[in-house]
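Okay, so here's the structure we're looking at.
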Amino acid sequence: MNENEKYLNVTLTNAREEHEDEQISISIVGILRNLRRFFALWLAITIIASVLALVGTALVKRDSYKKTVSLVSFTFNGIEEGLDPKGNTFDINTLKSPQIIESALDELGIPADKLEDIRKNISFEAIRPEEEVERLTAYKNIFDAGTGNSMNAIGELLKTNAYPSTYKVYFDYAPTGLTDTEAASVLNTMLECYSEYFMEAYGYNKSLGSSLAALDYKDYDYAEAIDVFDDALNKISSYVSQVEKTEIQNGSSTNSNRFRSSDTGYTFPDLSETISTLRTIDLERISSYVTINTITKDKDTLLTNYTYQVELLERQKAVYSDSLATINASIAGYQKNTVMIYGSDTDEKRNMTATQASEEYDNLFRKKEQIQSDLSETIQKINLYNKRIERLNSSTAVNSAAKKAKVEDDLEKLDKQIKELIDLVNRTTDDFYRTVVFSKAYNILVPANSSNSNSATRALTDAVMPIAIADAIIFVIYFAVAFVLSCIEEYAKEDHEKKNKKEKEPEAAAN
């Protein structure tokens with residue numbers, strides 16, 4: 001044993017017999033020497049074990065890594081109260097409705113038989129702003145503490161927005177058999193399709209325009225075709241007025257702030273003026289020519305139809321009249337709510353009473369106004385059809401082919417004008433809702449990613465604990481081997497020294 005090693009030994013003493021002690025010295029330098037000796041082997045085994053742990057974790061949890069995520073948000077009036085733009089309960093699950101998924105699959109050319117598997121594996125997580133969470137937590141702590149501010153805390157809790165407006169959209173595509181790229185494409189296309197669904201559901205009334213454009217005036221007699229066109233113009237006019245009110249509610253109440261579509265160049269007053277021109281000039285011109293000349297395709301069939309319509313309208317008139325009488329009686333006998341107003345002792349009129357109409361009372365008046373309007377319109381139609389019947393019965397004129405050709409030509413031109421008008425209304429209102437009302441109503445904040453980097457990161461994160469455990473076990477074995485070998489070496493060295501010492505003792509005694 002050299003000079004440097006003798007101070008780095010640990011001596012273990014074991015008394016085996018009464019006067020005999022056996023000492024075993026463990027050299028720390030020997031342990032370090034053996035650690036250096038097997039360092040390369042230990043390092044290689046550690047690296048291999050770490051890689052195997054990583055691969056094993058990835059294989060065991062491979063399905064859990066097949067998940068892509070996107071982030072969407074909603075910013076429209078009512079979402080803070082959990083309502084959609086129409087005032088109904090907002091449901092984020094409409095984003096994964098079969099209609100939207102089917103549109104996405106059709107666009108991507110993916111078989112529709114995967115639709116249900118995709119729908120079942122899409123989930124949502126509501127995201128709340130950090131400051132909102134802190135506020136909720138603070139008010140809850142105050143309430144739980146039971147202090148004098150508990151009632152204030154309850155009030156603030158009620159004011160706090162309880163409905164999220166931002167969501168994470170998860171797509172666990174392992175059961176669907178889609179690749180990473182296909183899964184990301186499906187989710188992103190779904191989110192884009194939902195944007196169109198959102199506009200169709202809450203934006204311009206596309207179905208109205210489609211239904212009006214689908215009408216074929218050639219299926220009707222000339223006077224009936226005029227009625228069909230007049231009804232279509234009435235519906236378009238009402239819709240434009242409704243959208244114009246929405247424009248005013250959004251702050252464009254003055255002429256200088258009026259919305260003008262960048263697509264069509266029209267404002268809503270422009271559209272209203274166009275509708276009025278078509279009705280008062282084009283439609284009335286054709287109507288007057290047909291009425292004065294009593295032009296018809298089939299006089300007898302038209303008379304029969306008018307007679308039948310009058311009978312229907314007379315029955316409808318009776319229903320409206322009865323309903324109006326019932327509502328008038330309800331209004332007359334309705335007991336309004338009485339509200340007592342108390343004043344101070346010095347007031348001349350200390351105790352005053354006032355009647356306050358309830359919401360139900362107001363609803364009765366609204367119903368009365370609507371029924372009166374419907375009744376008036378019904379009476380006008382009855383009078384109109386009766387005049388036409390009278391005119392047809394008294395007419396002896398024979399419709400010439402030239403007159404019919406003129407009417408048909410005029411109706412064809414009017415039909416084309418109305419269809420062009422419907423297209424203008426659709427494009428203008430669509431532009432208005434997209435750029436003004438719902439410009440930021442629905443946003444895809446973070447699209448789905450098809451990269452495998454997230455999977456690799458998650459696999460590495462999940463493998464940290466198995467790798468650490470495996471490496472720790474290997475290190476313990478590595479150190480134990482070095483320790484045991486060091487003990488064996490020291491024991492052998494001391495045994496050799498004892499033998500040499502015994503051999504030298506007889507020689508020393510002889511001398």
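Annotations
- Checking Asn452 against (1) at pLDDT 85 or above; (2) surrounded by fewer than 16 Cβ atoms within 10 Å (Cβ to Cβ), the condition it does not meet: (1)
- One residue stands out among those in segment 36-45 that are of a type in the set (A, V, I, L, M, F, W, C) and surrounded by 12 or more Cβ atoms within 10 Å (Cβ to Cβ): the one that is modelled with the lowest pLDDT, which is Phe38.
- Hits in segment 164-185 - residues which are out of contact with any strand residue (DSSP E or B) (no Cβ under 8 Å at 6 or more places or on another chain), at negative phi and not in a helix (DSSP H, G or I): Leu178, Thr179
- Out of Asp374, Asp430, one residue alone is in a helix (DSSP H, G or I) and assigned by TED's automatic domain parsing to the domain that holds Asp282. It is Asp430.
- Going through (1) in contact with a Leu (Cβ under 9 Å, 6 or more places away or on another chain); (2) within 18 Å of Gln99 (Cβ to Cβ) one by one, Gly203 falls short only on (1).
- Odd one out for Glu244, checked against (1) under 30 Å from Ser97 (Cβ atoms); (2) of a type outside the set (Phe, Trp, Tyr); (3) modelled with pLDDT under 90: (1)
- Some residue of segment 461-471 being polar (S, T, N, Q), surrounded by fewer than 16 Cβ atoms within 10 Å (Cβ to Cβ), closer than 29 Å to Asp180 by Cβ and modelled with pLDDT under 65: no
- Residue match in segment 315-331 (condition: closer than 30 Å to Glu360 by Cα and touching a residue at least 60 places away in the same chain (Cβ under 8 Å)): yes
- Filter result (out of contact with any Asp or Glu (no Cβ under 8 Å at 6 or more places or on another chain) and of a type in the set (A, V, I, L, M, F, W, C)) within segment 170-180: Phe171, Leu178
- Yes/no for Ala401 being within 21 Å of Asp216 (Cβ to Cβ) and loosely packed, with under 12 Cβ neighbours inside 10 Å: no
- The numbered conditions (1) at pLDDT 85 or above; (2) loosely packed, with under 15 Cβ neighbours inside 10 Å are all true for Ser211 except (1).
- Being at pLDDT 70 or above and either in a loop (DSSP other than H, G, I, E, B) or touching a helix residue (DSSP H, G or I) at 6+ places or on another chain (Cβ under 9 Å) (or both) holds for only one residue in Ile48, Ile31, and it is Ile31.
- On inspection, Leu312 fails the criterion of being in a helix (DSSP H, G or I), on the phi < 0 side of the Ramachandran plot and at pLDDT below 90.
The values are calculated or read from the model by the stated rules, or taken from the named source; none is laboratory data. Since the structure is predicted, the reported quantities are computational estimates derived from the model, not experimental observations. In this analysis, Cβ positions are derived from the backbone assuming ideal geometry, glycine residues included, and neighbour counts consider all displayed protein chains.
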